[in-house]
Amino acid sequence: MNVSKLYWLLGFLHIVCYVYYRNQKKTIDEDLSEYTGGRCGVRAFVSVLPQKEYRYIFYYRIPFFIRHILNFILRRTTNCYLHTVEVLGGVRIVHGYSSIIVAKSIGHHFSFFQNVTVGWGKNGIPTIGNNVTLFPGSVISGNIIIGDNVRVAANTVVRTDVPDNSLVYGNPAVIVPNCK
């Protein structure tokens, strides 16, 4: 039995949940399109079902009880933690191992790599805009705002607001504005 058929079989309950919840939460298809290059639908869903990172985001979008049942069948990535009230669609975990994301809100098309930490600082937690990418080892802390279209380079520590269309690198952070 090849891998594709195995995931059609093991993922039957996942497929049922996907079909049911994708009509209620448009963010599910937005997340899926980030992993499949814009494709949505059952075939696209089954094609990314083997990826633990995608399953983590999918389980995040569905109700608590159901996510735990599905997790017994196909495990999600275990050492990635996303705790944010409002996460808009298009989230992509590229390689999210050992990452902790705690923010007020996260905009559309957010992606992050391994060992990323976003969370508490002296005054609170960050707000992250649209089209933001956090590369490996980056740290964002405090009550700050990360603008739209921002890239945070590897091993960067950000503790101040970052304007739109910026590149951030280094420790302490150096902000290069108007960098697309």
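For this structure, a couple of remarks:
- Matching residues in the stretch 76-97 - criterion: being at pLDDT 90 or above and either among the small types (G, A, S) or farther than 28 Å from H14 by Cα (or both): G89, G90
- Considered as a group, the residues in the stretch 52-74 that are without any contact (Cβ under 8 Å) to a residue 40 or more places away in the chain and in contact with an Asp or Glu (Cβ under 8 Å, 6 or more places away or on another chain) include one that is farthest from N23 (Cα to Cα), and that residue is Y54.
- Candidate set from the stretch 5-34 (those that are part of a helix (DSSP H, G or I) and of a type in the set (S, T, N, Q)); member that is nearest to Y59 (Cα to Cα): T27
- Entirely in the stretch 97-180, the strands (runs of 3 or more DSSP E) that have 1 or more residues that are of a type in the set (F, W, Y): 167-169
- The stretch 9-26 residues that are free of Cβ contacts under 8 Å to residues at least 60 places away in the same chain, paired with ones that are assigned to a helix (DSSP H, G or I) and of a type in the set (D, E) (beta carbon under 7 Å, 6 or more apart): R22/D29
- Qualifying residue in the stretch 38-48 (condition: within 27 Å of G124 (Cα to Cα) and either of a type outside the set (F, W, Y) or assigned by TED's automatic domain parsing to the domain that holds P136 (or both)): no
- Check on Y60, under 19 Å from G119 (Cα atoms), of a type in the set (F, W, Y) and outside the structural domain of G147 (by TED's automatic domain parsing): yes
- For the stretch 35-89, taking the residues that are among the hydroxyl-bearing types (S, T, Y) and in a helix (DSSP H, G or I), the one that is nearest to H109 (Cα to Cα) is identified as Y35.
- Lone unmet requirement of (1) under 30 Å from R151 (Cβ atoms); (2) touching a residue at least 40 places away in the same chain (Cβ under 8 Å) for T77: (2)
The values are calculated or read from the model by the stated rules, or taken from the named source; none is laboratory data. Everything numeric in this text was worked out from a predicted model, so none of it was measured. When we count neighbours, we look across all protein chains shown, and the Cβ atoms used for this are built from the backbone with ideal geometry, even at glycine.
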